[in-house]
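In what follows, a single structure is set out as C-alpha cells and then discussed.
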4 protein chains.
Amino acid sequence: MVVRQRARDHGIAFGELPVGAHNAITDVPDITVGSVALCARDGEHAVRTGVTVVVPRPGSLLTAEVPAACHVINGHGKPAGLAQVHELGVIETPIAMTSTLSVGDAFRGLVLDALRRDPAVRSVNPVVLECNDGLLNDSPSLPVTAEDVLAAIDEARSGPVAEGNAGAGMGMSSFGWKSGIGSASRVVRYANREGTIGTLVLSNFGYPRDLMIRGCDVGMHLPSPATPDRPGSAGSFVAVVATDLPLDSRQLGRLARRVQSGIARVGGYVGNTSGEFVVALSVTSSSPAHDADGLDVVFHAVVDTTEEAIVNSMFCATAVTGVNGTTVPELPIGPVLTLLRERGVLA
Amino acid sequence: MVVRQRARDHGIAFGELPVGAHNAITDVPDITVGSVALCARDGEHAVRTGVTVVVPRPGSLLTAEVPAACHVINGHGKPAGLAQVHELGVIETPIAMTSTLSVGDAFRGLVLDALRRDPAVRSVNPVVLECNDGLLNDSPSLPVTAEDVLAAIDEARSGPVAEGNAGAGMGMSSFGWKSGIGSASRVVRYANREGTIGTLVLSNFGYPRDLMIRGCDVGMHLPSPATPDRPGSAGSFVAVVATDLPLDSRQLGRLARRVQSGIARVGGYVGNTSGEFVVALSVTSSSPAHDADGLDVVFHAVVDTTEEAIVNSMFCATAVTGVNGTTVPELPIGPVLTLLRERGVLA
Amino acid sequence: MVVRQRARDHGIAFGELPVGAHNAITDVPDITVGSVALCARDGEHAVRTGVTVVVPRPGSLLTAEVPAACHVINGHGKPAGLAQVHELGVIETPIAMTSTLSVGDAFRGLVLDALRRDPAVRSVNPVVLECNDGLLNDSPSLPVTAEDVLAAIDEARSGPVAEGNAGAGMGMSSFGWKSGIGSASRVVRYANREGTIGTLVLSNFGYPRDLMIRGCDVGMHLPSPATPDRPGSAGSFVAVVATDLPLDSRQLGRLARRVQSGIARVGGYVGNTSGEFVVALSVTSSSPAHDADGLDVVFHAVVDTTEEAIVNSMFCATAVTGVNGTTVPELPIGPVLTLLRERGVLA
Amino acid sequence: MVVRQRARDHGIAFGELPVGAHNAITDVPDITVGSVALCARDGEHAVRTGVTVVVPRPGSLLTAEVPAACHVINGHGKPAGLAQVHELGVIETPIAMTSTLSVGDAFRGLVLDALRRDPAVRSVNPVVLECNDGLLNDSPSLPVTAEDVLAAIDEARSGPVAEGNAGAGMGMSSFGWKSGIGSASRVVRYANREGTIGTLVLSNFGYPRDLMIRGCDVGMHLPSPATPDRPGSAGSFVAVVATDLPLDSRQLGRLARRVQSGIARVGGYVGNTSGEFVVALSVTSSSPAHDADGLDVVFHAVVDTTEEAIVNSMFCATAVTGVNGTTVPELPIGPVLTLLRERGVLA
C-alpha cells in the first residue's frame, strides 16, 4: 500500500489550535485504535471492507465507567448501542466501525469480547457504527466476522493511527474519491487544565462538486471522479470524539453536536441517505467542570479536528478496485495543493 | 406445554372498548406473528430463549413503506434500528424480538431475510428489540441464530398469537412470575373510519410486590415468588403497537408514548435497568388524519391493550426451569381470581 | 374557603415508602412554595386563576447552579424555558405555574425578579409551566400580571403547601371535578444517604369515567360530574419533582420520565390536548451518584408522590363557579371513601 | 438609514441553485414579513431593539394548519412554543423574533393577535424566538411591547425583506460587526414539482477571527472590530426556513437540521452561550412527498440560503451606537470584496 501524506504534512493547517503529539485520537491518554482490513477476491464477490475499533481504556469497561454521549446528525443509518449511551451516559464496550450489513456480526464480536473478559456477563451494550461500502465491497456476503472485531481489539494501540484504507475504511469513498479512516487532535485549556480533543472519522459521504478544503471549492475545479456507474451519492459518516477533560455525558453531547459544523467545512450538506452519527467520550470520569464560555475553545477543537480528520481520510487513501471492477480513484493531491496555493491558502 | 387461559377467558376485562376478533395484534390486517422457541439442555448450559417476529406486511418492506415510530421509555437496553425509524418514519424489516446478547444474530437474520427477497439490497435497517432472559437462559452461549429469525418469519401467520413461553418469551419473567409474549387488540373509530389497535408485548419486568391487576395490588397478597437466587429485578419490556388507521410517523410516536401508562397499570415503575422500548406502526400508508380529540380513544386503546397484553403474558406462561435448575413459577391464577372477586373487580 | 382534608388524612396510603414531615415538596430542604390566587367578578368576565411558584433556593439562582431536567410527556402545551434546561442542565429562576394564555406575563415576572436581584442581568431563562383554566376563568382578559409572579415569590415559604384551589390551581379541574395544586413527599435512601423526593402538581386533566384512586375505578361509580357544557376534556398537567439527593441533570431526567407512571395510576391516559410537562431539580449540586438499581426506590418515590399529589389536588379543592356561571363541583369524598372501603383498599 | 447592498448585488454567489424573485423568504407564496424597530434615547437607557415577524399565511393559523418543525442547534436560549410544534407538527401563530428579555411581551402580543382574530380562543401556542441584544440595547427596560408585535404583524408584506438593522435586527451583531436580519431563497425541483426554499435569519453570533465568507477567512484579515468593552462573544442565532413544497413535520425537521451546516459556512462554531434555534414550515398542507435522494437539492437550498442570509444580515447592517455609547461598526465591505477577489472567489 502506497503511504500517502496527511494534510498537515503538506503544510495545510486547520484552525489556530495546537495539535497533539500524533495529531490523532490516540493523543488522548488511554485511547487505542485497532483495525482489520479485509481485501479478498476480485469481481462480483470482491471483499473490500474491514473493522476499526476505538478502545477507550484497557480492560473491561463494564467495571470502570467511561462517560459518553451520542448524537444523530442524520439518522439514515444502522448504529447499535446509542439508546443506552443516551440514557446512562456511559459506554460499556469499545466502539466498532464497520460495513452497514455487518453491524450484527460486529455486535456479536463485542459481546464475545465482553464475555472473554468476564464470563459472568449477562448484559452488555455493544456500540457499533457503520457506513455503507457496498460500492466497492460485496457487502451482502457478510464478510466481516465477530472474530475480526476481536482481532481489531487485540491489535489496538496508541501512537499513529492508520488512516485512509485502513480497517473499516477499506471500502469507503467521499466526494467521489477514495476515503476511509482519518484522525486529528488538538490541545486546549479548559477549566484550569490542559486537555486533548481527539477525533477519528469513518468518512463515506459527499457529492463530487461539493468538496471544499480550507474554504476552497476544490470539487468545482478537479476533474470529476464520477462515472455513470458511480454518480456519487450522499453516503454516510461516523465519528468518535474523545477527550481527557472531565466532561460529563451532557457536556459530551454538546461536543458531539459540533461535529456537523466540521462536516460542513469540507462541503458536506448531510444528504438524505447519509447516516451521520457521533459518539463522544471522556477517559476521565472525575467531576465535570461547569459549562462556561471557556468551553468554546473545546468546541473549536471538535470542529477543527473533524475537518482535518475528513481531509486526512482522503489524503491518506489510495485508489481501490472492488466489486465488478469498479474503481474509486484517490484524490489527486497535486492539483489540490496547486489550487490552495493559487487561492493563497497555502504558502 | 400446558395451555393456560388468557385473562379475558377468566372474565377479566380491561377498559370499555370492544376487542378484535382474536384480541391480538394479528387483528390488524396484514399483520402476522411468528415465533421460534429454543429449549434445550438442562443445567449450566440450559437454553431457554427464542425469537418472535411481527411481520407488518407480506413481501419486502423496502418496496412498500410502512409508517412507523419508536419510543424509548427507559433506554437501558440494546435495540437495533431505532435511529432510522425515528429519522425516516418507516420500517424496512419485520420486527424481531429476542434475548439481549443475541441482538447481533437477529440483526444478521433480518439482513439475510432482506437479501433472500432481493439480492440487490445493499442497505437495510433491521429492527431488533430484546429483553434479558439470562435468569433462565444460558444467554452467553448465544444460542439464537440468524436462521432462527428466518424460520420465525417463515412461520408467521395471522389469527391467534402464541403467548406466554412462545418464541422470545421462553426465558422471560415478570414480577417474579413466568411471563413472555402477550397480545391484545381493540376496535375504535377515528377520523370517520373504524380501525384496529393491536399490541404485542415481550414482558420481562417488575418487582414481585408491585404487581397490580385491574387495580388490585395482587403482588402484596400473593406469596412471594422471590427466592434468594431470584430476588426479582427491574427487568425489561418491549412492545409493538400496530394499527390500520392512517396515522403517520409523528402520530404513531404519540401512540407509542402511551404504552408507559399501560405498564403503570400493572404496577410497573420503569426500573433503572429495565430497557423499555416501543415500536408503533401503521399498515396503512395513505394520508394521515389530523390530530384531534378523537385521537383520545386511540390512546385509550393503546393503554388498555398494553395492560391486557402484559397480563396475558403472565396468565399464559407456565413455569420454566432453566440455567442451573433455577425455576420461575407460573402465576397462580386461582388466588388472583379470588382476590379480584373479593375486591369486587370480578363477578 | 372550606379546608378539606388530604387523602392521607382519610387513611389512604400510596405505596410503602415513608413520607416527609409535611408530605409536601417543601420537605426538600431549601424548597419554598408561594401562590397568588386571583378570584374576581362573576359572569362573562369572571377571573378564577392564579400563580404558583416553586422556589428552589433563596436568592438568585443565576449565581448558584441548581441541577435540573425537564420532560415532555405530551407536548400539547406552552411552557417556557425548557430548551435551555435541557441543554445546560440547570435552572436559573423559580418555576412559575399559571394559566395558558398568561405565560408571557409570567415570563415577564420572572425576568423582573431576576433584575430586582441583580440589575446587571442581560440574560435569564424563565421557566413557566401552564394549564388551561379557560373553563372557569376568563383567561382572554389576561388577568395574571408580572407583579402577581413577584408577589408569589415574595410569599413563598417552607412548611405545609396550600393545595386545591390555591394559586394557579384556582381554575383547574380533573376528571370533571375541581382540582388544582397538590403535593406529596417521600423519604428514601440512595447512594448511602437519606434524601427526600417531593412533588408538586398542577392537575387539570382526565375524563370523568377514567378516575382511579388506589386502583379503584372511582370514575365508573360516582355520578358523573359532566354536563352538556362541561363534557370533560383531556386537559393538561404539569409537575415539579424536587430532591436533595445529589443527582445530575441526566439522572433528574430519568426521575421526570417516571411521572407519567404516576399519572396512569389515577387513570390518566395522556389525552391529545393534554399538555403534560415535568421539571425535576436537585437542591444539591455536589457530585452525582452513579446510576444503580438502588435508584429504583427513587423512581418508586416519584410515582407514588405523583399519584398522591394528584389525589390531594382533588381532595383539597372545593367547588368553584366561574365564567358564565359554570360550576365545577368538588369531588364527593364520602362516596369515594365508601367505595375504597367496599373494595378493601381502606380499612 | 444608509441602504447597503446585499452580497449578491456585489456579485457574490452562494452555491449553484437559482434564486427566487426577491431572493428572500417572501418568495415562498403566502409568506409575509413585518418588522418594527425601536430606536430611542442615547446613553445608559438607549433602546436599540425591535420585533420581526414571519407570517406564514393571512388570517388565523388556528383554523388552517401550517405544517412545521423546530430544531435546537444549541439550547442556550429562551424560545417559546417549540414543544407544541414538536408534538403536533404545526404552528398556530406568526413567528415573532425579538430581544431575549422581551420574549414574554412578544408571547403576549401573539396571544392578543389570536384573540383579535377570534375572541373565542382559549388556547394558542405563540412561537417566539430571540437573540440577546444587550450589548447595544437597554434590554432590562423591556422596551418591546405586545403592541409592537401587533404592529409588526399588521405591516407584514411580501416582496423585498428589510434586512440588517430592521426590526429585531436593530441591536444585533455578529463576528464583532453589526448584523441583524438577513434573507435568501432558492428555487428547486423536488417530487416532480418546482418549489421555493426561503430562509430568514436573525444573526447575532460569532467571534471576530472566525468570520468566513465564501470560504475565505475574512475574519483573519480584517482589522478586528473587537474592543476591550466588546471582546466578541458566542452570541445567538435564530432562523425560519419556509417552503411551498408539500413536506410534513418530520421532513421539515430534516430541513431545519441542515441550518447548522449553513452557519458553519460563515465560520460559526456554535458557541456555548449561543442559543441557536430553527423553525421550518410549509405553506402547503397537502400530502407529503416521500423522502428520496431528490431531497438533497432541498437540503442544499437550506444550507445555501442560510449562508447567504447571514452574510446579507451583515452586508445590509450599518453601524449602531447604543447603550453607554457602545458602537458596533458595520462590516467594511470594500476590504471584504478585495480579499474575495484576491482569492479568486470573486471576479
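The values are calculated or read from the model by the stated rules, or taken from the named source; none is laboratory data. Being a predicted model, the structure only gives us computed values, none of them experimental. A quick note on method: Cβ atoms are made from the backbone with ideal geometry, for glycine too, and the neighbour counts reach across all protein chains shown.
Whenever a residue of segment A:150-166 is more than 18 Å from A:Ser99 (Cα to Cα) and part of a helix (DSSP H, G or I), its partners that are at pLDDT 95 or above and not hydrophobic (A, V, I, L, M, F, W, C), lying with C-beta atoms within less than 9 angstrom and at least six residues away or across chains, give the pairs A:Asp154/A:Gly34. Once segment C:188-207 is narrowed to residues that are over 20 Å from C:Gly294 (Cα atoms) and out of contact with any Cys (no Cβ under 7 Å at 6 or more places or on another chain), the residue that is surrounded by the fewest Cβ atoms within 10 Å (Cβ to Cβ) is C:Tyr207. Residues in segment B:266-293 that are facing another protein chain (nearest Cβ under 8 Å) and among the small types (Gly, Ala, Ser) were compared, and the one that is farthest from B:Ser236 (Cα to Cα) is B:Ser287. Could you go through segment A:225-232 and let me know if any residue there is over 19 Å from the mean Cα position of the chain (by Cα), surrounded by fewer than 24 Cβ atoms within 10 Å (Cβ to Cβ), within 12 Å of chain D (Cβ to nearest Cβ) and under 30 Å from D:Val345 (Cβ atoms). Checked segment A:225-232: at least one residue is over 19 Å from the mean Cα position of the chain (by Cα), surrounded by fewer than 24 Cβ atoms within 10 Å (Cβ to Cβ), within 12 Å of chain D (Cβ to nearest Cβ) and under 30 Å from D:Val345 (Cβ atoms).
Only one of the numbered conditions (1) assigned to a loop (DSSP other than H, G, I, E, B); (2) at the interface with chain A (Cβ under 8 Å from one of its Cβ atoms); (3) more than 24 Å from A:Ser139 (Cα to Cα) is violated by B:Asn137, and that is (2). Of all residues in segment D:16-57, those that are buried (at least 21 other Cβ atoms within 10 Å of the Cβ), over 18 Å from the mean Cα position of the chain (by Cα) and part of a loop (DSSP other than H, G, I, E, B) total 1. Among the residues of segment C:102-134, those that are within 27 Å of D:Asp133 (Cβ to Cβ) and in a loop (DSSP other than H, G, I, E, B) comprise C:Asp118, C:Pro119, C:Ala120, C:Val121, C:Arg122, C:Ser123, C:Val124, C:Asn125, C:Pro126.
Taking segment B:109-123 as the search range and keeping residues that are surrounded by fewer than 24 Cβ atoms within 10 Å (Cβ to Cβ) and closer than 18 Å to A:Ala106 by Cα, which one is farthest from the other protein chains (Cβ to nearest Cβ)? Looking at residues that are surrounded by fewer than 24 Cβ atoms within 10 Å (Cβ to Cβ) and closer than 18 Å to A:Ala106 by Cα, I get B:Leu112. For segment A:183-203, the tally of residues that are outside any strand (DSSP E or B) and either more than 11 Å from A:Val298 (Cα to Cα) or of a type in the set (Lys, Arg) (or both) stands at 1.
Can C:Leu142 be described as closer than 27 Å to C:Asp27 by Cβ, free of Cβ contacts under 8 Å to residues at least 60 places away in the same chain and touching a Lys or Arg at 6+ places or on another chain (Cβ under 9 Å)? So C:Leu142 does not fit the description; no.
Checking every residue in segment C:209-228 against the condition of being in contact with a Ser or Thr (Cβ under 9 Å, 6 or more places away or on another chain), within 20 Å of C:Val320 (Cβ to Cβ), at pLDDT 95 or above and not in a strand (DSSP E or B) gives at least one match. Do the conditions hold for C:Ser139, that is, is it crowded, with 24+ Cβ neighbours inside 10 Å, among the hydroxyl-bearing types (Ser, Thr, Tyr), in contact with a strand residue (DSSP E or B) (Cβ under 9 Å, 6 or more places away or on another chain) and within 20 Å of C:Asn23 (Cβ to Cβ)? In short, no. Screening A:Gly253, A:Gly271, A:Gly267, A:Gly275 for residues that are on the phi > 0 side of the Ramachandran plot and touching a helix residue (DSSP H, G or I) at 6+ places or on another chain (Cβ under 9 Å) leaves exactly one candidate, A:Gly267. Within the set C:Gly325, C:Gly271, C:Gly267, the sole residue that is of a type outside the set (A, V, I, L, M), assigned to a loop (DSSP other than H, G, I, E, B) and surrounded by fewer than 20 Cβ atoms within 10 Å (Cβ to Cβ) turns out to be C:Gly325. Kindly indicate whether C:Val279 is within 16 Å of C:Gly253 (Cα to Cα) and in a helix (DSSP H, G or I). So C:Val279 fails the test. Within segment B:306-347, how many residues turn out to be within 14 Å of another protein chain (Cβ to nearest Cβ) and acidic (Asp, Glu)? Count: 2. Checking each residue in segment B:185-214 for being touching a residue at least 12 places away in the same chain (Cβ under 8 Å) and on the phi > 0 side of the Ramachandran plot picks out B:Ala191, B:Gly206, B:Arg214. Inclusion of A:Val303 among residues that are of a type outside the set (S, T, N, Q), away from chain D (no Cβ under 14 Å) and surrounded by 15 or more Cβ atoms within 10 Å (Cβ to Cβ) is not warranted. Among the residues of segment C:82-95, those identified as within 17 Å of C:Ala256 (Cα to Cα) and more than 7 Å from every other protein chain (Cβ to nearest Cβ) are C:Val85, C:Val90, C:Ile91, C:Ile95. Evaluating C:Ser60 against the criteria (1) part of a loop (DSSP other than H, G, I, E, B); (2) facing another protein chain (nearest Cβ under 10 Å); (3) more than 30 Å from A:Arg257 (Cα to Cα) leaves one unmet condition, (2).
Restricting D:Val124, D:Val51 to those that are touching a residue at least 60 places away in the same chain (Cβ under 8 Å) and more than 25 Å from D:Asn324 (Cβ to Cβ) reduces the list to D:Val124. Suppose the filter is among the hydroxyl-bearing types (Ser, Thr, Tyr), farther than 26 Å from B:Val47 by Cα and buried (at least 19 other Cβ atoms within 10 Å of the Cβ); does B:Ser286 pass it? No; evaluated as a whole, the condition is false for this residue. When B:Gln84 is tested against (1) in contact with a Ser or Thr (Cβ under 9 Å, 6 or more places away or on another chain); (2) assigned to a helix (DSSP H, G or I); (3) closer than 17 Å to B:Asp113 by Cβ, just one condition goes unmet, and that condition is (1).
Based on this model, can you work out whether A:Ser261 counts as at pLDDT below 95 and within 10 Å of another protein chain (Cβ to nearest Cβ)? So A:Ser261 does not fit the description; no.
Test B:Arg250 against the stated conditions and say whether it is part of a helix (DSSP H, G or I), more than 18 Å from C:Val303 (Cβ to Cβ), charged (D, E, K, R) and within 14 Å of another protein chain (Cβ to nearest Cβ). Criteria met by B:Arg250. Only one of the numbered conditions (1) more than 7 Å from chain A (Cβ to nearest Cβ); (2) surrounded by fewer than 24 Cβ atoms within 10 Å (Cβ to Cβ); (3) of a type in the set (A, V, I, L, M, F, W, C); (4) closer than 30 Å to D:Ala289 by Cα is not met by B:Val72, and that is (1).
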